[in-house]
1. Picking from A:334, A:375, which residue would you name as being farther than 23 Å from residue B:238 by Cα, at pLDDT below 80 and surrounded by fewer than 24 Cβ atoms within 10 Å (Cβ to Cβ)?
2. Against the definition (assigned to a helix (DSSP H, G or I) and surrounded by fewer than 23 Cβ atoms within 10 Å (Cβ to Cβ)), how does residue A:265 come out, yes or no?
3. How many of the residues making up segment A:15-44 are crowded, with 24+ Cβ neighbours inside 10 Å, more than 9 Å from chain B (Cβ to nearest Cβ) and in a loop (DSSP other than H, G, I, E, B)?
4. Taking residue A:73, is it of a type in the set (Asp, Glu) and outside the structural domain of residue A:148 (by TED's automatic domain parsing)?
5. Is it the case that some residue within segment B:88-101 is without any contact (Cβ under 8 Å) to a residue 60 or more places away in the chain and surrounded by fewer than 18 Cβ atoms within 10 Å (Cβ to Cβ)?
6. Would it be correct to say that residue B:147 is modelled with pLDDT under 95 and loosely packed, with under 15 Cβ neighbours inside 10 Å?
7. Can you confirm whether segment B:270-282 contains a residue that is part of a helix (DSSP H, G or I), in contact with a Lys or Arg (Cβ under 8 Å, 6 or more places away or on another chain), within 11 Å of another protein chain (Cβ to nearest Cβ) and within 18 Å of residue B:336 (Cβ to Cβ)?
8. Give A:282, A:354, A:293 a once-over and let me know the one that is assigned to a helix (DSSP H, G or I), out of contact with any Leu (no Cβ under 6 Å at 6 or more places or on another chain) and away from every other protein chain (no Cβ under 14 Å).
Amino acid sequence: MKYVDEFRSLALANKLLAEIRRTVTRPWVIMEVCGGQTHSIVKYGLDQLLPPEIELVHGPGCPVCVTSLESIDRAHALARRPGVIFCSFGDMLRVPGSSGDLFQVKAQGGDVRVVYSPLDCLKVARENPGKQVVFFAIGFETTAPANAMSVWQARALGIGNYSILVSHVTVPPAMTCILESPGNRVQAFLGAGHVCAVMGWEEYEPLAARYRVPIVVTGFEPLDLLEGILMAARQLEDGRHEVENQYARAVVRGGNPEARRTIARVFEPCDRAWRGIGVIPASGYRLREEFAAYDAARIFEIEGIVSREPEACISGLVLQGARRPLDCPAFGTSCTPETPLGATMVSAEGACAAYYNYGRRRGADSQSAAPRLVSAPGVAETKVEASLDPAGTGACATE
Amino acid sequence: MTDFSLSCPLPITRRKTIVLGHGSGGKLSAQLIREVFLPAFDNPLLNRLDDQAVLQAGTARVAFTTDSFVVTPLFFPGGDIGKLAVHGTINDLAMSGAAPLALSAAFILEEGFSMEELGRVVASMAEAARAAGVPIATGDTKVVPRGAADGMFVTTSGVGLVPEGVNISAHLARPGDKILLSGTIADHGMAVMSQREGLGFEGAIESDTAALHRLVADMIAAGEIHALRDPTRGGLGATLVEIATSAGIGVEAEAMAIPVREPVRAACELLGLDPLFVANEGKLAAFVAPASASRVLEAMRANPLGREAVMIGEAVESHPGMVLLRTEVGGTRVVDLPFGEQLPRIC
């Protein structure tokens with residue numbers, strides 16, 4: 001397949017791996033920010049191919065995983081209402097709220113529908129003038145332009161029975177949060193390629209300078225990731241801390257100006273609670289005042305939401321890269337994709353689900369041909385554990 | 001916008017009601033069979049969990065199978081529900097090495113269903129049965145009130161005779177066996193999916209629905225086959241895991257060796273689906289004794305339905321029950337049963 005196969009070539013992968021091996025002289029910890037990157041790394045077994053000096057830790061960039069439990073419970077409450085058609089991206093349907101998931105809401109009679117694009121909701125709204133159509137607007141800067149556009153279009157077309165329940169998050173504040181954390185081990189980032197396709201990388205330049213951390217905007221195919229890792233490793237070895245762009249076929253410095261304009265016209269920054277992490281200042285989008293009529297949170301009174309996370313879940317620490325899925329005592333035992341305790345075990349982009357689906361089981365390395373575990377807990381990690389908040393509320397929580 | 005009924009890919013295990021994931025061919029289906037059907041019906045014929053049971057009748061060994069078809073839409077590129085029902089049941093018989101003798105067909109029709117569409121489905125079934133040389137020898141019809149069924153459901157059963165000396169079952173695969181695949185994967189699932197979702201791949205992607213009994217006969221004549229399965233729901237991934245589990249062997253396969261047609265790959269990439277878990281209706285995977293593997297492969301390639309047959313891996317003694325796939329870039333991943341389904345109601 002054109003533009004895909006070229007980036008999955010074994011010969012080129014081996015060349016990049018050899019170059020990475022030649023480059024690294026000591027241990028480095030690199031975080032891939034985006035869940036799509038985590039998925040690719042585990043699916044293709046890239047982490048098994050890297051030299052032991054390179055440790056990859058998985059970042060918070062799984063939109064489904066970081067959507068707060070309270071937002072999810074709010075969504076479920078809305079979806080249960082008679083007269084509401086609740087539209088969502090498919091992934092979100094499986095994420096457990098405080099009681100059950102959207103599939104259960106649907107089984108109990110809620111009108112829950114999967115859409116590929118929020119613009120499809122406008123069609124639903126027109127076809128169902130007697131109903132209120134609500135779209136669950138979640139995700140990073142990647143989904144924000146289309147979600148914003150749906151509201152923009154609804155106003156332009158005079159569609160009055162459409163609104164969105166907004167739980168948008170943005171990447172740079174989350175990276176700042178990780179870098180500010182006292183237990184931080186991350187020494188370089190692979191930037192989220194598709195987020196940067198929208199936003200560009202200007203906003204990462206102050207981060208790289210202030211925290212002296214290399215950031216390499218990176219794609220999602222195996223060769224993208226290996227090249228991104230090589231570029232990050234070179235910076236680390238050279239003592240540089242720049243923003244570089246590996247994903248040049250999709251990303252330019254200024255991003256997509258039209259998409260950015262659309263976001264800015266419809267949304268404004270706000271504080272946002274991240275699931276498992278806590279509130280990160282100015283890390284989300286909400287609808288601007290002039291679009292209040294399209295804001296489901298303001299249109300509908302949703303009361304009596306009491307959200308409670310399962311205690312065993314360490315997904316907050318996993319999302320910050322402070323722990324790996326295999327460090328969790330619940331992983332693969334009480335927490336599996338069939339019975340997830342946290343969202344990281346649900347989405348294909350969630351680190352725990354990626355580990356589980358591609359066979360990273362505790363003890364799997366004892367079998368001869370099975371892939372080895374990413375790495376055994378080492379000295380560095382023990383040190384980190386001591387400095388982490390044992391309650392797992394995360395260092396960024398401001399409440 | 002999709003208007004399909006949502007499947008449940010998150011099987012909360014202790015469900016009080018049936019969810020769509022129970023019909024997915026994945027872990028939930030396996031659980032339903034294990035916890036509800038097996039304890040109740042408990043007998044050695046059923047407990048083998050092959051796609052068919054082989055009964056001893058005097059000196060003859062009779063293969064017996066049944067299958068229901070609830071696909072939406074009823075007509076899709078490359079086939080329709082009727083063709084699927086005939087081919088599916090013939091294939092379930094053929095996977096034991098049996099020569100199919102006859103089929104039955106039972107129809108559940110929804111009040112208000114179009115007579116014209118029924119006529120097209122029935123004509124298509126008749127044509128498929130004639131082409132396969134297997135008569136539809138008996139049948140049944142029920143009509144249910146509007147809303148109690150989705151247009152029409154078809155159940156086909158079949159009987160066949162297992163030739164003497166032929167012994168094929170998932171549990172008979174053994175270490176050292178070569179794994180042969182009869183052609184490209186994921187065609188059927190993606191044909192149905194692209195038709196249903198209006199993805200614009202129509203024409204480029206067609207269902208592979210086909211009756212495989214003649215291909216199987218050619219293979220049996222060429223060499224020693226231990227296990228056969230047609231990777232329908234759950235796809236090739238689920239089939240390999242099922243055989244590995246049933247036989248207590250490990251499986252090692254090469255991702256690069258598994259053929260997927262270009263438009264099918266593109267559609268899978270677009271939707272974020274893994275072709276390994278997408279349904280097929282005219283393909284088979286065979287575990288073949290190593291000494292005769294190349295002869296069987298040649299025989300497959302000489303048959304139009306096996307023209308693109310390839311060797312994708314082998315059975316090993318280590319890691320019993322586990323399927324390992326070597327990835328395109330040289331890493332490895334474990335292939336596990338999907339929890340629910342990737343696609344809603346394919347067959």
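The values are calculated or read from the model by the stated rules, or taken from the named source; none is laboratory data. Bear in mind that the values here come from a model prediction, so they are computed numbers and not experimental data. For neighbour counting, all protein chains shown are included, and Cβ atoms are generated from backbone atoms with ideal geometry for every residue, glycine included.
1. A:375
2. yes
3. 0
4. Criteria not met by residue A:73.
5. Checking segment B:88-101: not a single residue is without any contact (Cβ under 8 Å) to a residue 60 or more places away in the chain and surrounded by fewer than 18 Cβ atoms within 10 Å (Cβ to Cβ).
6. Working: modelled with pLDDT under 95: yes; loosely packed, with under 15 Cβ neighbours inside 10 Å: yes.
It is true that residue B:147 is modelled with pLDDT under 95 and loosely packed, with under 15 Cβ neighbours inside 10 Å.
7. Within segment B:270-282, the subset part of a helix (DSSP H, G or I) is B:270-271, B:275-277.
Then keep just the ones that are in contact with a Lys or Arg (Cβ under 8 Å, 6 or more places away or on another chain); that gives B:275.
Pick out the ones that are also within 11 Å of another protein chain (Cβ to nearest Cβ) and you get none.
No, that holds for no residue.
8. A:293
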